Amino acid sequence: MASPTIQLNSGHSMPAYGLGTWLSQPGEVKAAVKSALELGYRHVDCAHIYGNEGEVGEALTSVFSAGQIKRQDVFVTSKLWCSNFSTVKEACKLTLKNLQLDYLDLYLIHLPFEIEKDFKGLVEKGVGLVGYDAERTWAVWKCMEELVDEGLVKSIGLSNYTIKKTEELLKHSPRIKPACNQIELHPYLPQQRLFDYSKKEGIALVAYSPLANPGRPESFVCSDEVPLLQDKTIAQVAEKHKVTAAQVLLAWAIARGTGVIPKSVKEHRIKENLACLDVKLDSEDMKTINGIQTRYRFCKQPWALKAEQKYEDLWDGEMLE
């Protein structure tokens, strides 16, 4: 049940299937990461803002110390938070310290929207919001390139970047091209234009919230949401293969050629999700799922809106394409 791999433009390969750690609480995430690695996961997705990298680091050290799984066998991703645009190297070194690692396999700019350095979490009502600036992204990217030069990270990339924002970075002809863009992807938000563009540019995509993140805090949930895991079309495909709706959604993402990082802290769910690697969707299944017309973004990021902006401005009109 080994995960297929995605070849990155950096020359490194990334396991297509991994464990997400967003919203995994302290006291739970250490056991979840250990369990996942022991079950066969070889990709762990982290971020400084998740507030749990210390426990993830304890889990990694514990597993590596046991000797059966080596550091080089596990692909570890983390992300630069929006308040650390002026302290890229320091932020990366802190993440490495927390994770108890000498290097990261992949380091991403978490979001293109900068916030003031004194803000540790999300801003409220625009207070502390600096926002997006293409030249600022370019300055940050040059610092990211230096992390590769110094051996702190092997590959660098983006997260939550649209076609427009990616193009604005690429027009500078970066010395090291983004290897990856981690974005919200699922049948309700297939982002086909961004998918096609990224493939053309040789930038791998990793799907976060592939199950629409049903475990999000209530403050993240909107009243008009349509539960993806209860979609009738997904249920029909799941019944055909005698698997769960979650396994169908994960298998769809992998069959499409993207990475996928579902989150769970429950061992039975971690194991169940991994079984998606045994689900073989045929061309008719893919056509059926791709025919779903519902469009919805679950991780809206409205905190990044400036007063004069409209919501669609955040995503450059690419929200539901």
Original post:
Which of the residues that make up segment 265-295 are touching a residue at least 40 places away in the same chain (Cβ under 8 Å), over 30 Å from Val56 (Cβ atoms) and of a type outside the set (Val, Ile, Thr)?
Top reply: Leu281, Asp285, Asn290, Gly291, Arg295
**OP:** Starting from residues that are buried (at least 21 other Cβ atoms within 10 Å of the Cβ) and small (Gly, Ala, Ser), keep the ones in segment 4-28 and report whichever is modelled with the lowest pLDDT.
**Re:** Ser24
Original post:
Checking Asp196 against (1) under 21 Å from Ala304 (Cα atoms); (2) among the acidic types (Asp, Glu); (3) in a helix (DSSP H, G or I), which single condition isn't satisfied?
Top reply: (1)
Original post:
In segment 36-62, what residues are aromatic (Phe, Trp, Tyr) and assigned to a loop (DSSP other than H, G, I, E, B)?
Top reply: Tyr41
Subject >> Residues satisfying the stated conditions in segment 263-305, i.e. in a loop (DSSP other than H, G, I, E, B) and within 15 Å of Glu239 (Cα to Cα) >> reply: Val279, Lys280, Leu281, Asp282
**OP:** Answer yes or no as to whether Asp118 is out of contact with any Lys or Arg (no Cβ under 8 Å at 6 or more places or on another chain) and either within 17 Å of Lys306 (Cα to Cα) or basic (Lys, Arg) (or both).
**Re:** no
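Do the conditions hold for Ala32, that is, is it in a helix (DSSP H, G or I), in contact (Cβ under 8 Å) with a residue 40 or more places away in the chain and not β-branched (Val, Ile, Thr)? Steps first, answer last, please.
Details: in a helix (DSSP H, G or I): yes; in contact (Cβ under 8 Å) with a residue 40 or more places away in the chain: yes; not β-branched (Val, Ile, Thr): yes.
Spelling it out, Ala32 is indeed in a helix (DSSP H, G or I), in contact (Cβ under 8 Å) with a residue 40 or more places away in the chain and not β-branched (Val, Ile, Thr).
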Original post:
If Ser86 satisfies every condition in (1) part of a loop (DSSP other than H, G, I, E, B); (2) free of Cβ contacts under 8 Å to residues at least 40 places away in the same chain; (3) under 18 Å from Cys276 (Cβ atoms) but one, which is the exception?
Top reply: (3)
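The values are calculated or read from the model by the stated rules, or taken from the named source; none is laboratory data. Note that this is a predicted model, so its numbers are computed, not measured. All Cβ positions, glycine included, derive from the backbone under ideal geometry; neighbour counts span all protein chains shown.
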